[in-house]
Amino acid sequence: MPETARKIDHQPSFRAMPDTQGHFGMFGGRFVAETLMPLILAVEDAYHTARRDPDFQKEFDSLMTDYVGRPSPLYFAKRLTDKLGGAKIYFKRDELNHTGAHKINNCIGQILLARRMGKTRIIAETGAGQHGVATATVAALFNMPCIIYMGAHDIERQKPNVFRMKLLGAEVRPVTSGSQSLKDAMNEALRDWVTNVHDTFYIIGTVAGPHPYPMLVRDFQSIIGREVRQQMHDKEGRLPDHLVACIGGGSNAMGLFYEFLDEPSVALHGVEAAGEGLHTSKHAASLQGGKPGVLHGNRTYLLQDDDGQITEAHSISAGLDYPGIGPEHASLFDARRVTYGTATDAEALEAFKLCCRTEGIIPALEPAHALAYVTQLAPALSRDELLVMNLCGRGDKDIFTVAHHLGVSL
Amino acid sequence: MSNPRIAARFAALKAANRLGLVTFITAGDPNYETCQEILLGLPAMGADIIELGMPFSDPMADGPAIQAASLRALSSGMNVARTLELVAELRTQNKTTPVVLMGYYNPIYRYGVQPFARDAAAAGVDGVIVVDLPPEEDAECREPLASVAIDFIRLVTPTTTPQRLQTIAAHASGFLYYVTLTGVTGTQDMAVDDTREALQRLRSQVKLPVAAGFGIKSAQQIAALQGAADAVVVGSAIVREIEKTLNTPKETANATLQFVKHLAGGLV
């Protein structure tokens with residue numbers, strides 16, 4: 001080895017993952033039925049070509065600006081900052097996107113890819129319904145038939161979003177197997193895909209599933225972090241010190257974190273749903289309560305029993321109610337690049353109310369988990385530290401759930 | 001190292017110029033005892049190879065019949081260790097009928113691939129099919145199994161390109177499992193002409209025996225594949241016989257075995 005090469009500090013880049021086989025360290029990969037393999041390889045090829053194509057990027061950017069309404073604001077939450085008395089708190093307002101959450105960023109990217117591949121039918125799974133609504137939206141925009149798989153239990157607790165999807169022309173198919181929530185909806189979507197592999201594109205809603213999905217969903221969502229870097233530079237002239245995001249599958253968090261993975265001064269915090277508490281069996285904290293395993297096309301941390309059977313997740317938030325997590329998070333957890341914490345149902349509800357009354361923003365129950373964590377973290381930080389929390393969804397869809405928990409009948 | 005029991009069985013089928021019958025049931029469905037009774041009776045009813053499903057909570061390649069079987073088995077307390085016990089019980093009576101376990105990777109991964117290979121070999125398992133381990137990911141499971149002479153059976157499907165077939169065939173052992181349709185188990189019928197044509201193409205390109213499965217439910221369909229495959233796999237249709245007699249549990253084993261006997265009648 002030449003002398004100069006040895007002197008280079010080979011600090012590995014966290015942004016270099018996944019490898020060509022879709023592995024994030026030991027996680028990720030392509031654990032799918034053979035029938036799907038040729039298609040998954042074709043999606044990967046199409047994606048690699050698309051992202052080098054300036055026309056693809058241009059169309060994506062233009063839809064982000066004119067249809068989604070990006071960039072979403074970076075808002076200084078002054079009253080909350082004063083109330084908590086620590087770090088300066090900013091909200092990344094991804095709840096102001098068209099359809100009310102960050103999910104649309106990824107759906108725009110994937111439907112452009114589906115069209116490039118000549119696919120004519122769209123399927124998706126949804127938990128809280130935000131990804132279902134975003135998928136139904138882009139399917140309407142691109143005039144493609146769309147089928148959304150949704151757990152029967154989630155249909156019950158997310159009625160407004162079910163109606164939205166139907167208004168947008170999608171067919172919502174209730175899934176009655178298993179726990180009737182997100183994981184079962186994903187099983188059913190995979191069954192549809194393997195059956196209709198010739199004409200169907202599966203728009204996966206989070207940074208999970210077989211390669212290349214965790215990578216491409218992250219890439220489409222990483223616009224969040226790129227905007228934060230620019231906006232923080234404009235407002236404060238420097239990098240943020242702390243980034244906080246909630247995690248179900250982890251797409252809003254990866255979207256926020258990815259830009260900053262190789263910035264050692266930026267602390268990253270992911271917040272899992274602790275449901276009724278990590279000490280109970282009713283939670284959705286795959287990293288802190290799970291073990292590595294293989295499900296839904298990837299190796300990652302999973303809630304499971306000793307026999308490798310997947311156990312049911314629980315969270316007040318349908319969007320976090322999933323027994324797995326994106327493989328990149330699993331890898332960042334093991335590498336300790338991201339600090340993963342939790343918030344319980346009760347803490348999320350308190351944060352939900354706090355956000356409504358302090359900032360005049362009704363947040364989704366998902367980012368309410370991130371906010372619950374912020375109420376613990378921010379007071380422990382000094383006033384000159386900058387904290388950004390991804391307010392990744394708005395709470396209109398959750399008012400029935402919240403009313404129920406507060407004992408109010410609507 | 002390939003498995004001698006599977007090789008011997010296909011050699012015998014070839015010598016007899018006969019299509020083999022592979023029967024699928026889920027281990028522990030509807031419970032351990034009844035499953036054991038069915039399992040022990042299968043060889044005499046004409047099962048040439050026994051495929052035993054390893055129950056999993058999230059069987060995403062399976063249709064409603066096998067999903068339900070998996071849930072019944074799990075709620076009756078089935079797990080990987082008990083599945084291997086079932087095989088060991090069979091082996092005390094039968095030394096020649098190959099047993100192939102079919103399932104999803106997570107229970108094997110959780111058990112530990114090395115301990116699984118060791119215990120499966122000790123129980124008398126001959127082959128393993130892992131639905132969600134394509135060639136890109138299967139080395140970590142295939143190699144430990146090969147070291148104890150358990151075949152890792154790979155799948156070929158209607159979406160398999162000629163180029164990909166070479167990749168699949170390269171490290172396949174025992175036999176190739178041809179999935180006759182794009183879909184999940186037990187929901188549609190295979191298209192006979194397309195399947196025969198695909199099998200003919202496949203067998204001209206590979207040396208291993210080929211078993212065709214998915215969408216094969218009746219003795220007539222089996223008869224229609226005469227000469228086109230080395231063996232046929234029937235799964236959901238057998239599992240439905242178990243399902244039909246859930247309210248009359250004393251009849252389950254007999255009804256299921258009689259159905260297998262009827263299927264074997266299609267082999268000629």
Do we find that B:ALA211 is within 27 Å of B:THR26 (Cβ to Cβ) and under 15 Å from the mean Cα position of the chain (by Cα) in this structure?
yes
If you go through region B:76-90 one residue at a time, how many are buried (at least 21 other Cβ atoms within 10 Å of the Cβ), more than 9 Å from chain A (Cβ to nearest Cβ) and free of Cβ contacts under 8 Å to residues at least 40 places away in the same chain?
1
Of (1) assigned to a helix (DSSP H, G or I); (2) in contact (Cβ under 8 Å) with a residue 12 or more places away in the chain, B:ALA11 satisfies every one except (2)
Just to check your reading of the model, which residue among A:ALA208, A:ALA170, A:ALA152 is away from every other protein chain (no Cβ under 12 Å), crowded, with 24+ Cβ neighbours inside 10 Å and without any contact (Cβ under 8 Å) to a residue 40 or more places away in the chain?
A:ALA170
Among what's in region B:66-75 and is within 18 Å of the chain's Cα centre (by Cα) and open to solvent by 20 Å² or more (accessible area, probe 1.4 Å), pick the residue that is nearest to the other protein chains (Cβ to nearest Cβ).
B:GLN67
Take the conditions among the acidic types (Asp, Glu), under 22 Å from the mean Cα position of the chain (by Cα) and within 14 Å of chain B (Cβ to nearest Cβ) and apply them to A:GLU227. Does it pass?
no
Residues of region B:227-250 being under 20 Å from B:GLU197 (Cβ atoms) and surrounded by 15 or more Cβ atoms within 10 Å (Cβ to Cβ), which ones?
B:ALA228, B:ALA229, B:ASP230, B:ALA231, B:VAL232, B:VAL233
Verdict on B:GLY63 being more than 8 Å from every other protein chain (Cβ to nearest Cβ), under 18 Å from the mean Cα position of the chain (by Cα), within 30 Å of A:SER181 (Cβ to Cβ) and open to solvent by less than 30 Å² (accessible area, probe 1.4 Å):
no
Test: residue in region A:236-246 that is outside any loop (DSSP other than H, G, I, E, B), more than 14 Å from chain B (Cβ to nearest Cβ) and open to solvent by 30 Å² or more (accessible area, probe 1.4 Å):
yes
For region B:251-262, does any single residue satisfy the condition of being under 16 Å from the mean Cα position of the chain (by Cα), buried (at least 19 other Cβ atoms within 10 Å of the Cβ) and not acidic (Asp, Glu)?
yes
Looking at region A:11-50, which of the residues that are of a type in the set (D, E, K, R) and either over 22 Å from the mean Cα position of the chain (by Cα) or crowded, with 23+ Cβ neighbours inside 10 Å (or both) is farthest from the other protein chains (Cβ to nearest Cβ)?
A:ASP45
For region A:357-378, which residues satisfy the criterion of being more than 14 Å from A:VAL244 (Cα to Cα) and surrounded by fewer than 22 Cβ atoms within 10 Å (Cβ to Cβ)?
A:ARG357, A:THR358, A:GLU359, A:GLY360, A:ILE361, A:ILE362
Please verify whether region A:139-146 includes one or more residues that are open to solvent by less than 30 Å² (accessible area, probe 1.4 Å) and either β-branched (Val, Ile, Thr) or modelled with pLDDT under 95 (or both).
no
Could you check region A:272-356 for strands (runs of 3 or more DSSP E) lying wholly inside it with 1 or more residues that are open to solvent by less than 10 Å² (accessible area, probe 1.4 Å), within 14 Å of chain B (Cβ to nearest Cβ) and under 30 Å from B:GLU136 (Cβ atoms)?
A:291-295, A:297-302
Go through (1) surrounded by 19 or more Cβ atoms within 10 Å (Cβ to Cβ); (2) touching a Gly at 6+ places or on another chain (Cβ under 9 Å) and name the single condition B:ALA191 misses.
(1)
Answer yes or no: is there a residue in region A:185-203 that is in contact with a Pro (Cβ under 8 Å, 6 or more places away or on another chain) and among the charged types (D, E, K, R).
no
Enumeration of residues in region A:248-268 that are more than 16 Å from A:ARG226 (Cα to Cα) and crowded, with 22+ Cβ neighbours inside 10 Å
A:GLY248, A:GLY249, A:GLY250
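The values are calculated or read from the model by the stated rules, or taken from the named source; none is laboratory data. Note that this is a predicted model, so its numbers are computed, not measured. Heads up, the Cβs are rebuilt from the backbone with ideal geometry, glycines too, and the neighbour counts pull from every protein chain shown. The protein model used for the area step is the full one, side chains on, heavy atoms only, and it has no ligands, DNA or RNA in it. Shrake-Rupley method; radii C 1.70, N 1.55, O 1.52, S 1.80 Å.
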